[in-house]
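Taking it in order: structure first as structure tokens, then the write-up.
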Amino acid sequence: MLYSPPCAGFPVDKGKLAGVEFAFLDPLQARQELLQCVQLCRQRMGPTRLSKVIKTLQLHRYRLLLVAREQETVVGFKLGFAERPKIFHSWLGAVAEAWEGRGVARRLMELQHQHLFEQGFTRVRTGTRNRFRRMLILNLKCGFDLVGIKQRSNGEAHLQLEKRLTRNLEPAPESPSP
Ligand SMILES: CC(C)(COP(=O)(O)OP(=O)(O)OC[C@H]1O[C@@H](n2cnc3c(N)ncnc32)[C@H](O)[C@@H]1OP(=O)(O)O)[C@@H](O)C(=O)NCCC(=O)NCCS
């Protein structure tokens with residue numbers, strides 16, 4: 001049930017995302033794309049070492065890179081791996097500044113969750129820092145719950161989030177306030 005190989009690229013979306021192609025890849029087999037993702041990380045989040053990323057990915061049998069590409073250029077991505085059977089850790093992700101606010105990150109997340117569910121995963125976990133507020137808000141909107149806070153060695157809080165994957169991937173409606 002689990003772990004069929006990543007599927008090839010498939011174009012989706014019209015409207016705001018016309019011309020953007022989304023593709024699931026094994027990041028260790030797609031070094032050109034992985035390099036572009038690391039460059040995006042550097043631009044959007046700060047220093048990121050390709051060698052460290054590769055080393056982490058090599059520790060995991062199942063890893064999944066989802067890229068949004070315009071022509072050959074990666075404009076957004078989500079990268080993660082199976083943390084343990086049926087639990088996926090969505091580790092890194094970013095969207096190019098020029099593409100922000102057009103729904104790339106939301107679409108990446110929807111496709112990633114759909115794919116993980118189809119692969120037999122039951123939960124997806126992620127972590128983010130307070131300062132990445134848009135990512136935090138998007139995670140909450142897409143059905144993640146805050147499940148913990150880890151203190152980093154530099155004193156920065158790292159928020160831990162988790163989402164149960166179900167057939168209906170829409171987040172449960174919020175209960176009305178009292
Ligand atoms: C966070 C990030 C991935 C969002 O990418 P994006 O493609 O712009 O996001 P989307 O357009 O899909 O919008 C997602 C949500 O962001 C918010 N958002 C979008 N445009 C916004 C804007 N101009 N101002 C404020 N919030 C905005 C909305 O909540 C939106 O939700 P909606 O779909 O219900 O409208 C991107 O800003 C980024 O790469 N930031 C830097 C790196 C980062 O934070 N990485 C995550 C580290 S854990």
Mean projected area (nm²) from the convex hull of Cα positions in the chain is 11.3 nm²
Shape descriptors of region 50-154 over alpha-carbon atoms, Rg and Dmax in angstrom, are 14.0, 40
Per the rule of 0.36 nm per residue minus the C-alpha distance, extending Gln71 to Val147 adds in nm 23.5 nm
Sorting Val20, Gln71, Gln36 by the position of each Cα along the dipole of the chain (Lys, Arg +1; Asp, Glu -1; all at Cβ), the one nearest the positive end of that ordering is Gln36
For the chain, the helices passing both cut-offs (Cα extent along own axis of 15 Å or more, Kyte-Doolittle mean at least -1.0, full DSSP H runs) are 31-45, 104-118
If every Lys and Arg gets +1 and every Asp and Glu gets -1 at its Cβ, then about the Cα centre the chain yields a dipole, in debye to the nearest 20, of 560 debye
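For Leu59 and Gln114 in the same chain, what is the full-extension length gain: residue separation times 0.36 nm, less their Cα-Cα distance, in nm?
Net length gain for the segment: 17.4 nm.
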Low-density loop trypsin sites (Lys or Arg not before Pro), region 12-108, at most 10 other Cβ within 10 Å, DSSP non-H/G/I/E/B, are Lys14, Arg61
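Give me the Å³ per residue figure for the convex hull around the C-alpha atoms of region 35-106. Walk me through the numbers before you get to the answer.
Numbers: hull volume 6.7 nm³, N = 72.
Normalising the Cα hull of region 35-106 by residue number yields 93 Å³.
The numbers here are math on the coordinates, done by the rules we state, and not lab data. Worth saying up front: this structure is predicted, and the values here are computed from it rather than measured. So basically every Cβ, Gly included, is an ideal-geometry build from the backbone, and we count neighbours across all protein chains shown.
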